[in-house]
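What follows is one structure encoded as C-alpha cells, with my remarks underneath.
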Amino acid sequence: MHSAIFLSQAFEHAATVYALTGQLPYNLDGQLPGFDKSKMPRGAKNHIKLLLDSYRRVILEDSAFGAKSGRRDPIASFDNQGVAPVDAAIEWLSTMGPRVNADHSGDINDERRTFYLLDVLPDIRLSR
C-alpha cells in the first residue's frame, strides 16, 4: 500500500510536469521514502486483511471458504487472521526507513537485502 500511494503521487507529478513541459520526468521522483504509519490511508489495515483473506481463499484453498483442499483445520476467521503479522510488518517497515543504494548487495540473509527484494518500485518495475 505504501508503494501504491507513492506511485500514485509520482504518476500525478509526472502528469503535471508533462502537461507543463511536454516531457516526462525520468526518475518519477526517485526511490520510495521510508514507511510512515501515520500516512497510511484510513482503513489500510482492513484492506491488507482483505488481501490476506483473498490469498487464503484463492492460493491456499483454505477449507474455511469451502475450498476442496482437504485441510482439516480451517485457518482463523477473517476478523482475527493477519492482525499480528500485519502489525509486525508495519513495525518492521517503520524501523527499516528508506531504501538506500547498497541494499541490493550483501548477504542474502541481511535484512536490508530482504527489504530491497520486497521493494516494488518504479526503478525496478517500470524500467523493464
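Below is a table of values for the structure above.
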read-out: Looking only at the stretch 34-44, and only at residues there that are in a helix (DSSP H, G or I) and open to solvent by 80 Å² or more (accessible area, probe 1.4 Å), the one that is nearest to Trp92 (Cα to Cα); value: Lys37
read-out: Given (1) of a type in the set (Gly, Ala, Ser); (2) modelled with pLDDT of 75 or more; (3) surrounded by 12 or more Cβ atoms within 10 Å (Cβ to Cβ), number of the condition Ala102 does not satisfy; value: (3)
read-out: Odd one out for Gly30, checked against (1) modelled with pLDDT of 70 or more; (2) of a type in the set (Gly, Ala, Ser); (3) open to solvent by less than 70 Å² (accessible area, probe 1.4 Å); (4) within 30 Å of Gln9 (Cα to Cα); value: (1)
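The values are calculated or read from the model by the stated rules, or taken from the named source; none is laboratory data. Small disclaimer: the values here were computed from a predicted structure and weren't measured. All Cβ positions, even for glycine, are placed from backbone atoms using ideal geometry, and neighbour counts span all protein chains on display. Please note that ligands, DNA and RNA were not included when accessible areas were found on the heavy atoms of the full protein model with its side chains. Shrake-Rupley method; radii C 1.70, N 1.55, O 1.52, S 1.80 Å.
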